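Every read-out reported here was derived from the displayed coordinates using simple, explicitly stated rules and does not represent laboratory data. The shown structure was predicted, so the numbers you read here are calculated from the model rather than taken from an experiment. Because the Cβ atoms are built from the backbone with ideal geometry, glycine has one as well, and the counts that use them run over all protein chains shown.
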Amino acid sequence: MPPNNNNSADFPLDPKKEGLMETVMIVPVTKDNPRGERTTPNNLREFNMMATIVSIPPLWNNKIVAGQLVGGSTLLKLIDQQLGSYTIETHNGTFSIHLNEYKELAATQATIKAVDFSTAAKDFQTLVNPYLSILSWKYKVPLSLSNINGVDSETQIQSSKFIQPISQKQIKISINEIDFFDDSLAALYSYNREMLNSTSGPYRLLCIYKCFSIIKLLHDNVRKSAQNKNLDLSNFKSVTEVKIDETDLNKQVWPDAIGWKLSRLLDEKIRPLRNKIAHEFDDNGDFTNPDMGIFAEKIRDHSDALTLLMRTQFEKIVYYHTKYIK
């Protein structure tokens, strides 16, 4: 199947989820399912998984690709001009690579057996990513998967992973007092921008973790100022403390952490994951590998949920400083 370069659908913006990864499902209306009701079987079945291959990945895209093999553009061009696609066989399974009209690597496709789309997406990435990493190493070019989507062979439901687009903002020329560029704030803004500019899940999480470290320093400095002014420190704690609320995103990413303090979440869930990324070995002495789908998906999900918590923590500290310290 040649990759389609135009088959995609518009999707409305959700300002609360800008830049966050989501999964959308399209349920077909058929003779057997005239109301388009979603079914959730849990048996092992086949998913036709597809993804776009790109050398310059989009930061966001409000075009959702579901149930379609959409081609991208890469810096790798096949010498054999007669081929439109080829197959790669590995010990984990078989997948196909499809070329665009310029004979560039453009898309990939595989049949994955799984109990749901989420598992199929993880296994699909585990199957394909190592091959892309080999090519990237050998030819010194960036390669990434985008528009990961699939079709459930049993229900015919089309699922797609996409990043909620970031809308254009209107700005003022002047900056607020909190925007003053002291060393700590400048570093915070810098790592936040690095995170927003990156499509790499591991790097995004490292940047967010660094942001939390800087915010912790700001937190301690504001607390010290409150102590020097003989203010009620229990009020400082009450105003600045962040807990894991029962939001849809938190329930999806860490349902067992609902009600926890942010500090506990960082200590018990985020620091171990950060260490896996920053160090070459995990706790069992095995190499950490972001090509593995389950690892890549976990990193991206955690990064997205942490972004909102990071901003909430910062805003609470700024609010306290503005109201009680200045």
Would you kindly derive the ³J(HN,Hα) couplings of region 149-161 from the backbone phi angles with the Karplus curve 6.51 cos²θ - 1.76 cosθ + 1.60 (θ = phi - 60°), listing them in order in whole Hz, with x for Gly and Pro? 8, x, 10, 6, 5, 8, 9, 6, 6, 9, 10, 8, 9
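Multiplying the sequence separation of I79 and Q227 by 0.36 nm and subtracting their Cα-Cα distance, what value in nm do you get? Before the final figure, lay out the partial values.
Values: separation 148, 0.36 × 148 = 53.28 nm, distance 6.94 nm.
That works out to 46.3 nm of additional length.
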Take L83, L69, L20, L185 and order them by how many other Cβ atoms sit within 10 Å, fewest up front. L83, L185, L20, L69
Taking H as built 1.01 Å from N, whose amide H comes closer than 5 Å to the amide H of W260, not counting residues under 5 places away? I244
Please turn the phi angles of region 301-306 into ³J(HN,Hα) values with the Karplus equation 6.51 cos²θ - 1.76 cosθ + 1.60 (θ = phi - 60°), one per residue in order, whole Hz, x for glycine and proline. 4, 5, 4, 4, 5, 5
For K237, counting only lysines whose alpha-carbon sits under 19 Å away and dropping same-chain residues fewer than eight positions off, the answer is K216, K224, K229, K261, K316, K323, K326
Would you mind computing, in nm to one decimal, how far apart the modelled labels at K103 and Y324 are, each placed 7 Å from Cα along Cα→Cβ? 6.9
For the pair E246 and S213, what calculated FRET efficiency results from E = 1/(1 + (r/R0)^6), where r is the Cβ-Cβ distance and R0 = 35 Å, to the nearest 0.05? 0.85
Cα gyration tensor shape for region 49-173, rounded if a/c is under 1.5, else prolate or oblate: oblate
Ellipticity estimate at 222 nm from DSSP helix runs (n ≥ 4, -39,500 (n - 2.57)) divided over the chain, nearest 500: -12000 deg cm²/dmol
Provide the net charge surrounding E241, with neighbours chosen by a C-beta distance below 10 Å and charges set as Lys +1, Arg +1, Asp -1, Glu -1. +4
T199's amide H: which non-local residues (gap 5+, or another chain) put their own amide H closer than 5 Å, with H modeled 1.01 Å from N in plane and none for Pro or chain starts? none
How much length is gained if the chain between N289 and S234 is pulled fully straight, taking 0.36 nm per residue apart and subtracting their Cα-Cα distance, in nm to one decimal? 15.5 nm
Which of Y324, M21, L135 sits farthest toward the positive end of the charge dipole of the chain, with +1 on the Cβ of Lys and Arg and -1 on the Cβ of Asp and Glu? Y324
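Note down the magnitude of the dipole of the chain about its Cα centre, charges +1 on Lys and Arg C-beta and -1 on Asp and Glu C-beta and zero elsewhere, to the nearest 20 debye. Before the final figure, lay out each step's value.
Numbers: 38 positive and 38 negative charges, 195 e Å.
Its charge dipole is roughly 940 debye.
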Convert each backbone phi in region 76-82 into a coupling constant with the Karplus relation 6.51 cos²θ - 1.76 cosθ + 1.60 (shift: θ = phi - 60°), then list the ³J(HN,Hα) values in order as whole Hz, x for Gly and Pro. 10, 10, 6, 5, 6, 6, 8
Exposed GluC sites (Glu not before Pro) being those in a DSSP loop with at most 16 other Cβ atoms within 10 Å, the longest stretch of the chain free of them is 155-240
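Enumerate by residue number the chymotrypsin sites (Phe, Trp or Tyr not before Pro) in region 41-131 meeting two conditions: DSSP loop (anything except H, G, I, E, B), and at most 12 other Cβ atoms within 10 Å of the site's Cβ. Could you put the intermediate results ahead of the total?
Details: sites: F47, W60, Y86, F95, Y102, F117, F124, Y131; in loops: W60, Y102.
Loop-located and lightly packed - Y102.
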